1. Within the range 74-90, is even one residue in a strand (DSSP E or B) and farther than 20 Å from Val19 by Cβ?
2. Return yes or no: is Ala92 small (Gly, Ala, Ser), modelled with pLDDT under 90 and within 21 Å of Leu7 (Cα to Cα)?
3. Within the range 58-78, restricting attention to residues that are more than 18 Å from Phe121 (Cβ to Cβ) and charged (D, E, K, R), which residue is surrounded by the most Cβ atoms within 10 Å (Cβ to Cβ)?
4. Exactly one condition in (1) of a type outside the set (Ser, Thr, Tyr); (2) outside any strand (DSSP E or B); (3) more than 15 Å from Phe121 (Cα to Cα) is false for Asn26; which is it?
5. Out of all the residues in the range 98-123, which are more than 13 Å from Ile52 (Cα to Cα), free of Cβ contacts under 8 Å to residues at least 40 places away in the same chain and out of contact with any helix residue (DSSP H, G or I) (no Cβ under 6 Å at 6 or more places or on another chain)?
6. Looking at Lys95, Lys50, Lys74, Lys62, which one is basic (Lys, Arg), under 18 Å from Ile116 (Cα atoms) and out of contact with any helix residue (DSSP H, G or I) (no Cβ under 6 Å at 6 or more places or on another chain)?
7. Conditions first: (1) surrounded by 15 or more Cβ atoms within 10 Å (Cβ to Cβ); (2) among the aliphatic types (A, V, I, L, M); (3) in contact with a Pro (Cβ under 9 Å, 6 or more places away or on another chain). Met39 passes all but one, so which condition is the exception?
8. Inspect the range 49-56 for any residue being basic (Lys, Arg) and either more than 17 Å from Thr120 (Cα to Cα) or in contact with a Cys (Cβ under 6 Å, 6 or more places away or on another chain) (or both) and give the result as yes or no.
Amino acid sequence: MSVADDLVCLKTDGISISVGSVLVDNDNAENDYMWGYYMCVENDTASRIKLIGKNWNITDDKGNRYNDSSIGFKGELPELEPGEFFEYTAYAPVKSADAVLYGSCQIQTEGKNKDIKIPTFSLSTGKGSWNKVVN
């Protein structure tokens, strides 16, 4: 998967999350769009962190909503020492040309769990109704 150069980044409490997307496949007969997305979590804190799960949502311009609320990342519970990073890629089928992905990663640090927001990013071909309204 080759993600666009336009990564969206957000830093919260010393943890940086960068995300981006790429259109992998478009079946116009079914109006299905297969998006690939990339995420990188960097631990810029002075403590070890453990990535324990995610709560991601996709909302498209037709009002459809999809959710991935699960433990781990493809079966992994990565532990990051200060200065380390973890990269993750996945796919999301969407029934619209325009959508946004947003949510959070759950981490554990110093025995406490907390949510770290991922930056909201676009899954957009530029052909959906949002694009028509803007242009």
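The values are calculated or read from the model by the stated rules, or taken from the named source; none is laboratory data. Just so it is clear, the structure is predicted and the values come from calculations on it, not from any experiment. Every residue, glycine among them, receives a Cβ derived from its backbone with ideal geometry; neighbour counts consider all protein chains shown.
1. Restricting attention to the range 74-90, the residues satisfying the condition of being in a strand (DSSP E or B) are 76, 79-80, 85-90.
Imposing the further condition that a residue be farther than 20 Å from Val19 by Cβ reduces the set to 79.
Yes, the range 74-90 contains a residue that is in a strand (DSSP E or B) and farther than 20 Å from Val19 by Cβ.
2. Values: small (Gly, Ala, Ser): yes; modelled with pLDDT under 90: yes; within 21 Å of Leu7 (Cα to Cα): yes.
So Ala92 fits the description; yes.
3. Lys62
4. If we test Asn26 against (1) of a type outside the set (Ser, Thr, Tyr); (2) outside any strand (DSSP E or B); (3) more than 15 Å from Phe121 (Cα to Cα), just (2) comes out false.
5. First, pick out the residues of the range 98-123 that are more than 13 Å from Ile52 (Cα to Cα): 98-103, 110, 117-123.
Keeping just the survivors that are free of Cβ contacts under 8 Å to residues at least 40 places away in the same chain gives 98.
Of everything in the range 98-123, nothing turns out to be more than 13 Å from Ile52 (Cα to Cα), free of Cβ contacts under 8 Å to residues at least 40 places away in the same chain and out of contact with any helix residue (DSSP H, G or I) (no Cβ under 6 Å at 6 or more places or on another chain).
6. Numbers: Lys95 fails: under 18 Å from Ile116 (Cα atoms); Lys74 fails: under 18 Å from Ile116 (Cα atoms); Lys62 fails: under 18 Å from Ile116 (Cα atoms).
The match here is Lys50.
7. Answer for Met39: the failing condition is (3).
8. If we filter the range 49-56 for residues that are basic (Lys, Arg), which is where we start, we get 50, 54.
Going one step further and asking which of them are either more than 17 Å from Thr120 (Cα to Cα) or in contact with a Cys (Cβ under 6 Å, 6 or more places away or on another chain) (or both), we end up with 50, 54.
Yes: the range 49-56 contains one or more residues that are basic (Lys, Arg) and either more than 17 Å from Thr120 (Cα to Cα) or in contact with a Cys (Cβ under 6 Å, 6 or more places away or on another chain) (or both).
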